[in-house]
Amino acid sequence: MSAGSLPGKRRLEPDLELQIQEPPLLNDPDSSLSDSEESVFSGLEDSGSDTSEEDSEEVAGCDEDNHRAEETSEEQAQAAPRPRTEEAGALTRDEYEEDSSDEEDIRNTVGNVPLAWYDEFPHVGYDLDGKRIYKPLRTRDELDQFLDKMDDPDFWRTVQDKMTGRDLRLTDEQVALVHRLQRGQFGDSGFNPYEPAVDFFSSDIMIHPVTNRPADKRSFIPSLVEKEKVSRMVHAIKMGWIKPRRPQDSTPSFYDLWAQEDPNAVLGRHKMHVPAPKLALPGHAESYNPPPEYLPTEEERSAWMQQEPVERKLNFLPQKFSSLRTVPAYSRFIQERFERCLDLYLCPRQRKMRVNVDPEDLIPKLPRPRDLQPFPVCQALVYKGHSDLVRCLSVSPGGQWLASGSDDGTLRLWEVATARCMKTVPVGGVVRSIAWNPNPAVCLVAAAIDDAVLLLNPALGDWLLAGSTDQLLEAFTPPEEPTLQPARWLEVSEEEHQRGLRLRICHGKPVTQVTWHGRGDYLAVVLSSQGHTQVLIHQLSRRRSQSPFRRSHGQVQCVAFHPTRPFLLVASQRSIRIYHLLRQELTKKLMPNCKWVSSMAVHPAGDNIICGSYDSKLVWFDLDLSTKPYKVLRHHKKALRAVAFHPRYPLFASGSDDGSVIVCHGMVYSDLLQNPLLVPVKVLKGHTLTRDLGVLDVAFHPTQPWIFSSGADGTIRLFS
């Protein structure tokens with residue numbers, strides 16, 4: 001055995017190796033340890049072991065090393081070429097002195113147990129002396145393995161032995177065996193799976209039997225098991241459990257559905273049972289000699305011939321014969337007999353339940369409009385002064401003043417009670433949206449003109465309120481380091497200040513809508529652009545602007561703040577998304593199933609939403625119920641331009657291009673088990689169609705059951 005193949009033995013120390021006198025045969029270069037053997041046990045000294053074992057090995061180190069060197073010299077001397085005399089002398093030795101029955105030195109001495117049990121230990125078993133057999137150190141990383149793979153042409157045939165942890169190189173025979181097994185062939189290459197079959201028994205009758213063994217004695221005695229089986233079969237045949245096989249009759253069988261019909265049977269007693277249809281008894285018209293009043297005249301005969309066969313009362317014309325012998329054969333006999341068979345065959349076996357429902361019961365019982373008052377019923381005032389279509393309007397929180405914007409480039413302020421124009425402010429552009437600050441302590445109006453939002457102090461009513469609003473705006477101190485914002489806050493000129501303008505918020509894109517938060521410090525604007533900057537939120541007290549979204553989900557049509565919670569509702573062409581501003585996440589997505597959403601309004605309680613669309617639909621959403629519409633109203637004939645909720649009364653309204661305003665009663669109950677009650681109560685008309693446009697905006701009075709509407713005819717109308 002070689003010095004590196006003894007299990008559990010450590011290598012010789014350098015000073016002890018020099019003291020051993022090796023025989024001349026050890027100087028052969030082949031006697032040195034191979035690289036694989038050195039690599040396997042190169043880390044035995046570094047691997048951790050008990051101190052007691054190290055001390056015992058150091059004491060007996062010299063004796064063991066001397067003995068190891070002697071064994072090595074003996075093995076190498078045997079491997080070297082020897083004369084015939086030495087070979088003859090070797091025959092006289094003990095043949096079991098060197099047992100090489102094992103083909104390979106199996107290093108796994110742990111027994112028939114999984115080698116994974118020793119993953120956390122430095123050894124893989126024990127030798128005969130009870131010493132540990134340590135694992136080979138594998139400190140090679142993936143880079144070293146890759147370099148070995150590129151340098152070694154036989155790396156593809158190298159596998160790791162799970163029993164010993166060594167790298168084995170497969171021979172050509174082993175590789176060929178693996179390839180045959182992968183292809184589903186037999187492991188033995190010389191095995192022929194298609195050898196010719198040998199018939200052990202032939203069809204030729206042989207004279208002599210195959211075996212000359214005499215028959216058993218029990219073959220002449222009847223079997224008791226078979227006797228029991230036969231007795232069981234005989235008993236089954238007697239009882240009728242087993243019936244003989246009879247040939248099936250291929251002739252079809254016909255049966256009469258009503259042949260054995262009994263009125264006292266189960267079907268006869270059933271009240272929905274249909275008895276067999278019976279032919280009507282023949283009348284006088286079918287007689288061969290009918291009375292004269294049954295014979296048709298020439299006019300009746302010609303009229304019968306011109307009628308359709310389905311419309312005729314009789315399938316034949318009564319005729320008179322002198323005797324029964326002269327009556328010819330009936331031409332439609334076979335056809336009528338066939339129809340009679342169809343009547344019997346296709347007759348329903350059970351009557352169809354007919355639902356006796358009054359059509360009036362199908363109409364839901366809605367309360368009368370008289371019981372749902374108050375709501376606007378007639379036109380009270382007309383506000384005239386604009387020379388072009390009025391796109392938008394807004395009512396002050398107290399309900400005393402009204403602001404309107406038109407395409408004529410002016411913003412007008414009206415007194416609600418008298419329809420008098422109190423102030424006209426030229427803005428030099430189309431006013432697309434206008435909103436009065438909902439905070440009663442702030443007198444401020446926001447208007448969207450082109451790419452800017454103008455903040456206007458109307459200076460109407462209480463002068464103290466107007467003065468406190470100016471002081472609030474002038475108290476702002478700009479920060480020392482201005483931050484980058486998506487909009488620019490500019491002060492107005494002295495001339496514009498005299499007209500009532502206070503601030504100008506400039507954007508890079510046209511502004512289509514402006515709306516205030518319920519507390520009056522924030523306002524949201526919608527820009528006519530593509531991308532995530534379609535919606536901006538401005539803070540009035542700090543004069544800051546921010547873009548709340550990082551990406552867009554289509555073209556934004558309108559936005560609205562939730563009246564009680566920090567939600568922002570964003571309506572695109574096909575959907576309405578509700579965002580939580582504090583958490584900065586999407587809370588809910590509503591699908592109105594409309595082609596193009598045009599407007600949106602939130603119920604004062606915040607649990608319901610209505611939206612109008614250009615395909616003449618008004619959709620009601622119950623946020624506590626579902627993301628799909630609770631009810632879809634199709635009262636208008638043309639596109640809806642605006643919808644609005646009343647802040648106090650259970651009313652909502654919609655304005656359309658057909659020139660009408662429909663007011664509906666919308667009661668929302670506090671009981672979650674009761675659905676909202678939606679009842680249309682009034683259709684208000686008064687606007688004339690101009691350029692195919694009708695009502696462009698609607699707004700309710702904050703305290704009274706009144707509604708304002710602005711139209712394309714340049715007028716504003718108050719319905720009370």
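Carbon and sulfur: what percent of region 537-674's accessible surface (1.4 Å probe)?
Numbers: 3060 of 6570 Å².
Carbon-and-sulfur percentage of accessible area, whole number: 47.
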Original post:
How do 208-216, 368-376 rank on mean C-beta neighbours within 10 Å, highest first?
Top reply: 368-376, 208-216
Original post:
Taking a probe of 1.4 angstrom, what is the accessible area of S331 in Å², to the nearest 10?
Top reply: 110 Å²
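Summing Lys, Arg as +1 and Asp, Glu as -1, what charge do residues with Cβ under 13 Å from the Cβ of G606 carry, G606 excluded?
Numbers: positive: R565, K588; negative: D607, D622, D624.
Within the 13 Å Cβ shell, the charges total -1.
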**OP:** Read phi for every residue in region 142-156 and hand back ³J(HN,Hα) as whole Hz from Karplus 6.51 cos²θ - 1.76 cosθ + 1.60, θ = phi - 60°, with x for Gly and Pro.
**Re:** 5, 5, 5, 5, 5, 5, 5, 5, 7, 7, 8, x, 9, 5, 5
**OP:** Would you mind counting up the charge near V668? Only other residues with Cβ under 15 Å from its Cβ, with Lys and Arg at +1 and Asp and Glu at -1.
**Re:** -2
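Select from region 481-575 those trypsin sites (Lys or Arg not before Pro) which occupy a DSSP coil region and have at most 12 other Cβ atoms within 10 Å, ordered by residue number.
Details: sites: R488, R499, R502, R504, R519, R542, R543, R544, R550, R551, R574; in loops: R499, R519, R542, R543, R550, R551, R574.
In loop regions of region 481-575 (DSSP not H, G, I, E or B), the sparsely surrounded trypsin sites (Lys or Arg not before Pro) are R519, R542, R550, R551.
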**OP:** Please give the FRET efficiency for D152 paired with H179, using the beta carbon to beta carbon distance and R0 = 30 Å, rounded to the nearest 0.05.
**Re:** 0.90
**OP:** Quick one: what are the phi-derived ³J(HN,Hα) couplings along region 623-631, Karplus 6.51/-1.76/1.60 with θ = phi - 60°, whole Hz, x for glycine and proline?
**Re:** 5, 7, 9, 6, 8, 9, x, 6, 7
Original post:
In a shell of Cβ-Cβ distance under 9 Å around C421, excluding C421 itself, what net charge do Lys and Arg (+1) and Asp and Glu (-1) give?
Top reply: +3
**OP:** For L366, tell me the accessible area in Å² from a 1.4 Å probe, rounded to the nearest 10.
**Re:** 90 Å²
Original post:
Which entries in K365/K631; K365/K685; K595/K685; K384/K423 show an alpha-carbon gap greater than 19 Å?
Top reply: K365/K685; K595/K685
Original post:
Which loop trypsin sites (Lys or Arg not before Pro) in region 663-707, with loop taken from DSSP, have no more than 13 other Cβ atoms within 10 angstrom of their Cβ?
Top reply: R691
**OP:** Hey, can you find the accessible area per residue of region 488-621 for me, probe 1.4 Å, expressed in square angstrom?
**Re:** 47 Å²
Original post:
What is the set of long-range amide H partners of H701 at a cut-off below 5 Å, with H atoms built 1.01 Å from backbone N?
Top reply: W706, I707, F708
**OP:** Excluding residues on the same chain fewer than 8 positions from K588, give the lysines whose Cα lies under 16 Å from its Cα.
**Re:** K628
Original post:
Check L503: other-chain or 5+ apart residues with amide H under 5 Å from its amide H, H built from backbone geometry?
Top reply: L455
Original post:
Can you give the extra length, in nm with one decimal, that the chain gains between E293 and L115 once fully stretched, where that is 0.36 nm per residue apart less the Cα-Cα distance?
Top reply: 52.4 nm
Subject >> Peptides 622-628, 667-673 ordered by average Cβ neighbours within 10 Å, highest first >> reply: 622-628, 667-673
Subject >> Percentage, to the nearest whole number, of Cα pairs in region 387-515 over 20 Å apart >> reply: 44 percent
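Show me the GluC sites (Glu not before Pro) within region 452-537 that DSSP assigns to loop and that have at most 14 other Cβ atoms within 10 Å of their Cβ. Write down the numbers at each step before the final one.
Working: sites: E474, E480, E491, E494, E495, E496; in loops: E480.
Here the sparse-neighbourhood loop sites are E480.
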**OP:** Please turn the phi angles of region 355-361 into ³J(HN,Hα) values with the Karplus equation 6.51 cos²θ - 1.76 cosθ + 1.60 (θ = phi - 60°), one per residue in order, whole Hz, x for glycine and proline.
**Re:** 8, 8, 10, 6, x, 5, 6
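Could you calculate the FRET efficiency of F321 with L279 from 1/(1 + (r/R0)^6), where r is the beta carbon distance between them and R0 is 30 Å, rounded to 0.05?
Details: r = 23 Å, r/R0 = 0.76.
According to the calculation, E is roughly 0.85.
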**OP:** Show the residues, 5+ positions off or on another chain, whose built amide H is closer than 5 Å to the amide H of L684.
**Re:** V661, I662, V663
Original post:
For labels at E339 and Q248 in the simple 7 Å Cα→Cβ model, what's the distance in nm?
Top reply: 3.9 nm
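The values are calculated or read from the model by the stated rules, or taken from the named source; none is laboratory data. Since the structure is predicted, the reported quantities are computational estimates derived from the model, not experimental observations. Glycine also receives a Cβ, built like all others from the backbone with ideal geometry; neighbour counts cover every protein chain displayed. In case anyone asks, the SASA skips ligands and DNA or RNA and just uses the protein heavy atoms, side chains included. Shrake-Rupley method; radii C 1.70, N 1.55, O 1.52, S 1.80 Å.
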